[in-house]
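Engineer: Just dropping this structure here.
What follows draws every value from the coordinates through simple rules; no lab data is involved. This structure is a prediction, so every number in the text was calculated from the model and none was measured. Neighbour counts are summed over all protein chains in view; Cβ atoms, including those assigned to glycine, are modelled from backbone coordinates with ideal geometry.
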Amino acid sequence: MTKLGILLSGRGSNFLAIAESIRLGHIDAEIALVVSNREDAPGITAAQALGLPTLVLPSQGRKRQEHDEAVVDALRRAGAEWIVLAGYMRLLSPWFVHQFAGRILNIHPSLLPAFPGLDAQKQAFDYGVQFSGCTVHFVDEHLDHGAIILQKSVPVLPTDDEHTLADRILVLEHIAYSEALALVLSGKYRVEGRRVLPL
Ligand code: GAR
């Protein structure tokens, strides 16, 4: 069974949705390690409650690659084959990306390439778009940039504020991430340039 390494920095709701999909048999994988770069991440407490192996490696004040080397070392020791960024709010070094080339996934709460970076839902709301959503993509050296595996869209309603919009996007994130993971772990896809196509 494919071993996953999960990286998170906060709440961990995407991680929990993936853990539930695994429990239900919708994703054929096991979680080998959950790593947080923040000590106070609720997602780490949730992972511990599920009895999963966890590790906190604070990144604040550390050089990017130096921190990444410690993370990759832990992931390798745990046997992780695929890396799942689940609200990991730290850019990976090119070195890290190279270690797991083509096997790192991220989810972002906008329809990329619109609104990369922080507070994507607020960015979209403030811009006045009528549709937003979420994107699951492969990770490359650039922020929120790699080839898109799956996107889901939601309308922005007249009654929305940035919080209700973010809540509606999050519901879709939880569905999209498991779908995208199931697809890539099945191996039934090919990448042509920036396009991820089903086999
Ligand atoms: C999610 O909305 C995720 O898309 C976003 O952080 C949130 C984490 O929530 N990620 C990014 O913005 C990455 N650029 P969670 O901890 O509850 O999964």
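Engineer: If each residue's Cβ is checked for other Cβ atoms within 10 Å, how do 64, 38, 194 rank with the fewest at the top? Working shown, then result.
Structural biologist: Details: 64 15, 38 19, 194 12.
Sorted ascending by nearby Cβ count, the order is 194, 64, 38.
Engineer: On to the next question. Taking the Cα centre of each part, how many Å lie between the stretch 159-189 and the stretch 2-19?
Structural biologist: So the two Cα centres are separated by 13 Å.
Engineer: Please list, in order along the stretch 51-67, the HN-Hα scalar couplings obtained from phi with the Karplus expression 6.51 cos²θ - 1.76 cosθ + 1.60 (θ = phi - 60°), rounded to whole Hz, x for Gly and Pro.
Structural biologist: x, 8, x, 10, 8, 10, 10, x, 9, 4, x, 9, 5, 4, 5, 4, 5
Engineer: Taking amide H positions as placed 1.01 Å from N in the peptide plane, with prolines and chain starts having none, which residues 5 or more places from residue 100, or on another chain, fall under 5 Å of its amide H?
Structural biologist: none
Engineer: Which of these, 159, 54, 45, has the largest mean-square fluctuation under a Gaussian network model of the chain (Cα springs below 10 Å)?
Structural biologist: Taking springs between Cα atoms under 10 Å, the residue moving most is 159.
Engineer: For the stretch 102-199, what is Rg from Cα atoms divided by 2.2 N^0.38 Å, rounded to two decimals? Numbers along the way, then the final one.
Structural biologist: Working: Rg = 13.6 Å, N = 98, 2.2 N^0.38 = 12.6 Å.
With N residues counted in the stretch 102-199, Rg over 2.2 N^0.38 Å equals 1.08.
Engineer: Okay, moving on. How would you classify the chain from its alpha-carbon gyration tensor, with a ≥ b ≥ c the square roots of the eigenvalues: rounded for a/c under 1.5, else prolate if a/b is greater than b/c, otherwise oblate?
Structural biologist: Numbers: a/c = 1.44, a/b = 1.31, b/c = 1.10.
It comes out rounded by the Cα gyration axes.
Engineer: Provide 76, 195 in ascending order of the number of other Cβ atoms located within 10 Å of each residue's Cβ, fewest first. Intermediate results must be reported in sequence, preceding the final value.
Structural biologist: Values: 76 14, 195 9.
Sorted ascending by nearby Cβ count, the order is 195, 76.
Engineer: If each of residue 64 and residue 167 carries a label point 7 Å out from its Cα toward its Cβ, how far apart are those two points in nm?
Structural biologist: In this crude spin-label approximation the distance works out to 3.6 nm.
Engineer: May I ask you to work out the translational diffusion coefficient for the stretch 25-103 at 20 °C, viscosity 1.002 mPa s, via Stokes-Einstein with Rh from the Kirkwood sum over Cα pairs, reported in whole µm²/s? Before the final figure, lay out the partial values.
Structural biologist: On the way: Rh = 13.3 Å.
Taking Rh from Cα pairs, D becomes 161 µm²/s.
Engineer: Next up: Rank 117, 61, 187 by mean-square fluctuation in a GNM of the chain with C-alpha springs under 10 angstrom and give only the top-ranked residue.
Structural biologist: Taking springs between Cα atoms under 10 Å, the residue moving most is 61.
Engineer: With n ≥ 4 as the cut-off for DSSP H runs, can you work out [θ] at 222 nm for the chain, using -39500 (n - 2.57) per run divided by the number of residues, rounded to the nearest 500?
Structural biologist: Working: 6 runs with 72 residues, N = 199.
Taking each H run of at least 4 residues, the total per residue is -11000 deg cm²/dmol.
Engineer: So, one more: Percent antiparallel among DSSP beta bridges with both residues in the chain, to the nearest 5?
Structural biologist: Working: 15 of 33 bridges.
Here the share of antiparallel DSSP bridges comes out near 45 percent.
Engineer: What are the residues whose amide H is under 5 Å from the amide H of residue 189, where those residues sit 5 or more places off or on another chain and H is modelled from the backbone?
Structural biologist: For residue 189, the qualifying residues are 199.
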